[in-house]
1. Out of the residues in the range 91-137 that are under 37 Å from the mean Cα position of the chain (by Cα), assigned by TED's automatic domain parsing to the domain that holds LEU156 and not aliphatic (A, V, I, L, M), state the one that is surrounded by the most Cβ atoms within 10 Å (Cβ to Cβ).
2. Mind checking which residues of the range 121-175 are touching a strand residue (DSSP E or B) at 6+ places or on another chain (Cβ under 7 Å) and in a loop (DSSP other than H, G, I, E, B)?
3. Among the residues of the range 120-144, how many are at pLDDT below 95 and among the polar types (S, T, N, Q)?
4. Quick check on my filter: what residues within the range 144-194 are acidic (Asp, Glu) and touching a Ser or Thr at 6+ places or on another chain (Cβ under 6 Å)?
5. Within the range 101-115, count every residue that is within 17 Å of SER145 (Cβ to Cβ) and modelled with pLDDT of 90 or more.
Amino acid sequence: MKRDFLNRQLFLTLVTLLAFVACNGKEPARTVKSDGSKPLPTDMAATNGMTPAPADPMAAPTKDATPVEAAPVKDATPVATAPVEVDRSKPLTDKQEEILKSITGEKLGVTKEHYYTSNETRYDLWYPQIDNLGGAYMGVGPDQSYSLAVAANVELVILMDYDVEVLALHKMYFVLVKECETPQCVLELLERKNTNAVYEK
């Protein structure tokens, strides 16, 4: 009986000593739960989900670990566009031409003098200011209007006048320019010998 008691005491002492050695002589670490409840030993905390288990390098990748392919980035390099070809023979749309033709002039009186050529001698002073300006030209008078329109390299010319004779001159030039492909052709048709041919046109 006494021997059994001694054996039991020895066994308990041995177990206590082994536990002490296993813990390096320290009390087992405690982990405090986030909800403020009783602390648990470290080994118990791991089983209660407070400390994640180390990842298994041999485990199959999860769905979240699938690499996502980056979206293609559009090339931001500007693309040069070809210049738009402008049809200088038709600067107005059909609708714009229709509106322009619908404009009617006032009844003109009789003038004593007819300026088939301009009495302005220095309209060339305008050339530097309008050189290659483009756009449209609107004015009165014959040759000064043609000269200024050419100097500005305009796309549209709108001419008006108070003298019906000058308006008739504009119409004649309009017909001749449409008929000819070169300035020399227009000059030849203006010769006296070609008067009848011009009337027919």
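1. Top of the filtered list is TYR137.
2. Scanning the range 121-175 gives VAL154, GLU155, ASP161.
3. Residues that pass the stated criteria total 2.
4. Scanning the range 144-194 gives a single hit, ASP163.
5. Going through the range 101-115 one residue at a time, the tally reaches 2.
The values are calculated or read from the model by the stated rules, or taken from the named source; none is laboratory data. None of these values were measured; they are calculated from a predicted model. A quick note on method: Cβ atoms are made from the backbone with ideal geometry, for glycine too, and the neighbour counts reach across all protein chains shown.
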